[in-house]
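Remarks on the structure that follows.
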Amino acid sequence: MGEYEQLKFRSSELMQAVSTKHEFALARDPTAPDQVSAPAVSEPRNSPRERAGIGAAVAKAFVRAGCSRIVLTDLNKATLADTCDAVRGINPEVQIYAHDGDISDEGFVETLVDEAVGRFQRIDYSVQCAGIRGSSLRSHEMTTDEFDLVNRVNYRGTWLVTRAVIRHMVQQESLPGQHRIRKQRGAVVNVASQLGIVSRPGAVAYSASKAAVVNMTRADAIDYSQNGIRVNCVCPGIIDTPMTTGNTGAREGLQPAIEIAPMKRIGLPEEIADAVLFLCSGEASFVQGHALVVDGGYIIN
Ligand SMILES: NC(=O)c1ccc[n+]([C@@H]2O[C@H](COP(=O)([O-])OP(=O)(O)OC[C@H]3O[C@@H](n4cnc5c(N)ncnc54)[C@H](O)[C@@H]3O)[C@@H](O)[C@H]2O)c1
């Protein structure tokens, strides 16, 4: 029991965060109390102002779990500012490095990650969350530019951030205080989609981009196991975020798809955040290259 407790998710592993709204990485705070606790279950949002995306829910979940340093980024300045406010609302002491930008821009990503490391020294956890849905079109209706845009952000952007983060992770020591077999140097979680596993009408570019993220995750997991880095992804089902329910009437339009899942409800961003936290935590120390589907059973039906 003693050993088991020692191996449980330590909030101190998340104490020092280099995290972003849409990609984030976290680094351990050597001064943090070595508390032992299971990942905190994320609280659902209370107010309309808190209605935000999966990235914001992930950032808040990490801060609730004890993360004290976090890097946040988003293309949209207002969204980024809202996330910073929400994170400070949980812990006013949290150190935030926030910079808006485009994750499909190689120069921006490299600078962001270098500056994050310069400021916080380590990157222990990185979550790639930024994504776009694109237009609902069949292949013969879609322009090359539309196809390229979805893939540039969802797939190439995710790879650019992962590459920049892993470049630093491979050089850092494993987190101290971990079991000698279960120790890790870093953990990466990519946000793919249930549509990276199955598809639906009018989702050719999106489905392809998310399937690429799933297999990119596996490839990186194979390549970096030897470095003590775990790389996994989550595949959300239909989640209540601005992407899906941001427009008037969008919720009604989604209902037929929601009904496919045996649980017959839309998911909360906090439910994805909880899965992300688990995959980052020491409790997932033997989970590698996995695509964790969090969809109320959509893909099994
Ligand atoms: N909501 C769902 O039902 C659902 C389902 C499966 C997968 N996902 C995935 O989850 C992730 C988060 O989606 P969400 O539902 O929170 O959507 P969202 O629209 O609320 O959040 C996506 C965020 O990404 C940002 N973004 C877009 N392009 C960017 C770029 N080039 N650089 C930096 N930031 C950029 C947007 O500004 C936005 O804030 C996405 O990758 C999405 O594909 C969502």
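The values are calculated or read from the model by the stated rules, or taken from the named source; none is laboratory data. As the structure is a computational prediction, the values presented were derived from the model and not from experiment. Every residue, glycine among them, receives a Cβ derived from its backbone with ideal geometry; neighbour counts consider all protein chains shown.
Laid out as a table, the results:
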{"quantity": "Residue within the range 218-228 that is crowded, with 20+ Cβ neighbours inside 10 Å and β-branched (Val, Ile, Thr) present", "calculated": "no"}
{"quantity": "Odd one out for Ser104 among (1) more than 20 Å from Met169 (Cβ to Cβ); (2) surrounded by fewer than 19 Cβ atoms within 10 Å (Cβ to Cβ)", "calculated": "(2)"}
{"quantity": "The range 119-129, subset out of contact with any Gly (no Cβ under 6 Å at 6 or more places or on another chain) and outside any strand (DSSP E or B), residue nearest to Ala59 (Cα to Cα)", "calculated": "Ile123"}
{"quantity": "Filter pass, Thr83 being of a type outside the set (D, E, K, R), at pLDDT 50 or above and either within 16 Å of the ligand (Cβ to nearest atom) or out of contact with any Asp or Glu (no Cβ under 6 Å at 6 or more places or on another chain) (or both)", "calculated": "yes"}
{"quantity": "Selection status of Ala61, at pLDDT 95 or above and either outside any loop (DSSP other than H, G, I, E, B) or within 29 Å of Val287 (Cβ to Cβ) (or both)", "calculated": "yes"}
{"quantity": "Total residues in the range 58-80, condition of a type outside the set (D, E, K, R) and within 15 Å of the ligand (Cβ to nearest atom)", "calculated": "11"}
{"quantity": "Test: residue in the range 271-280 that is surrounded by fewer than 22 Cβ atoms within 10 Å (Cβ to Cβ) and assigned to a loop (DSSP other than H, G, I, E, B)", "calculated": "no"}
{"quantity": "Residue within the range 254-270 that is within 25 Å of Asn76 (Cα to Cα) and away from the ligand (no atom under 14 Å from the Cβ) present", "calculated": "no"}
{"quantity": "Some residue of the range 180-187 being crowded, with 23+ Cβ neighbours inside 10 Å and under 18 Å from Val127 (Cα atoms)", "calculated": "yes"}
{"quantity": "Residue in the range 167-175 that is more than 23 Å from Tyr224 (Cα to Cα) and either in contact with a helix residue (DSSP H, G or I) (Cβ under 9 Å, 6 or more places away or on another chain) or surrounded by fewer than 24 Cβ atoms within 10 Å (Cβ to Cβ) (or both) present", "calculated": "no"}
{"quantity": "Residue under evaluation Thr248, criteria (1) modelled with pLDDT under 95; (2) outside any loop (DSSP other than H, G, I, E, B), criterion not met", "calculated": "(2)"}
{"quantity": "The range 108-164, subset more than 15 Å from the ligand (Cβ to nearest atom) and under 18 Å from Ala192 (Cα atoms), residue surrounded by the fewest Cβ atoms within 10 Å (Cβ to Cβ)", "calculated": "Arg163"}
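One line per residue, one yes/no per condition, for (1) outside any loop (DSSP other than H, G, I, E, B); (2) within 15 Å of the ligand (Cβ to nearest atom):
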position: Pro201; (1), (2): no, no
position: Ala205; (1), (2): yes, yes
position: Ala208; (1), (2): yes, yes
position: Tyr224; (1), (2): yes, no
position: Thr244; (1), (2): yes, yes
position: Glu252; (1), (2): yes, no
